[in-house]
1. Return the only residue of LEU158, LEU167, LEU142 being open to solvent by less than 80 Å² (accessible area, probe 1.4 Å), under 16 Å from LEU72 (Cβ atoms), in a strand (DSSP E or B) and at pLDDT below 85.
2. Test PHE36 against the stated conditions and say whether it is at pLDDT 90 or above, open to solvent by 100 Å² or more (accessible area, probe 1.4 Å) and part of a helix (DSSP H, G or I).
3. If you take the residues of segment 39-60 that are among the charged types (D, E, K, R) and not in a helix (DSSP H, G or I), which of them is most open to solvent (accessible area, probe 1.4 Å)?
4. Here are some conditions: (1) at pLDDT below 90; (2) more than 30 Å from VAL110 (Cβ to Cβ). LEU20 meets all but one. Which one does it not meet?
5. Return yes or no: is GLU74 open to solvent by 60 Å² or more (accessible area, probe 1.4 Å) and not in a helix (DSSP H, G or I)?
6. For segment 51-60, does any single residue satisfy the condition of being under 23 Å from the mean Cα position of the chain (by Cα) and not hydroxyl-bearing (Ser, Thr, Tyr)?
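The values are calculated or read from the model by the stated rules, or taken from the named source; none is laboratory data. Please read these numbers as outputs of a predicted model, since none were measured by experiment. Please note: Cβ atoms are built from the backbone with ideal geometry, for glycine as well, and neighbour counts cover all protein chains shown. Ligands, DNA and RNA are excluded from the accessible area calculation, which covers all protein heavy atoms including side chains. Shrake-Rupley method; radii C 1.70, N 1.55, O 1.52, S 1.80 Å.
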Amino acid sequence: MTDTYVEPPKPKRTWLWITLGVFAFLFVVGIGMAAFTAYWVTSHMEFVETPAPDAARSFDEIRAKFPGQRPLIEFNDGARGTVNEPATASSVKLSTLHIVAYDDDEGRLVRVDVPFWLLRLKSGPIAFSSYASGFDDERVRLRVEDIERRGPGIVLDLDHPSEGRVLIWAE
């Protein structure tokens, strides 16, 4: 009887391939999400070179849609903003928050449309200081629910004589 030594089988390294596969999948999904985000942002944003009188006419046309309505946020003494609470809650379901901004220095009008389903994903107050330099976020706490309670109308109308104008409204 002869003793023969049989070598045990080498362990398979399947965990390595599974890990590499998961990382490759996540990489492809990340690239896809970045491409979709870039496409979505560019399709909801418009830049137009326009002279100041034409831009002012665009703002006036938007304001004419809501005659006599005060903006939800108003500026009392420069940078001190206050929120005008609606007398009654609106039953109208909002679909889009529109933002139009005009830069006096560049002569450019920017339009952005943000769907409300995307805004509803945000928790906490909206930071309007990004749109209005010197705006006091601590004093004004405006959430998406506040805009929905108000219903369709002007949210913010801010005019900086030396910088430009920002108009935000909900429909």
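1. Details: LEU167 fails: at pLDDT below 85; LEU142 fails: in a strand (DSSP E or B).
Of LEU158, LEU167, LEU142, the one residue that is open to solvent by less than 80 Å² (accessible area, probe 1.4 Å), under 16 Å from LEU72 (Cβ atoms), in a strand (DSSP E or B) and at pLDDT below 85 is LEU158.
2. Details: at pLDDT 90 or above: yes; open to solvent by 100 Å² or more (accessible area, probe 1.4 Å): yes; part of a helix (DSSP H, G or I): yes.
Answer is yes for this residue.
3. GLU49
4. All conditions are met except number (1).
5. Working: open to solvent by 60 Å² or more (accessible area, probe 1.4 Å): no; not in a helix (DSSP H, G or I): yes.
Against the criterion (open to solvent by 60 Å² or more (accessible area, probe 1.4 Å) and not in a helix (DSSP H, G or I)), GLU74 does not qualify.
6. Of segment 51-60, the ones under 23 Å from the mean Cα position of the chain (by Cα) are 55, 58-59.
Still in the running and not hydroxyl-bearing (Ser, Thr, Tyr): 55, 59.
There is at least one residue in segment 51-60 that is under 23 Å from the mean Cα position of the chain (by Cα) and not hydroxyl-bearing (Ser, Thr, Tyr).
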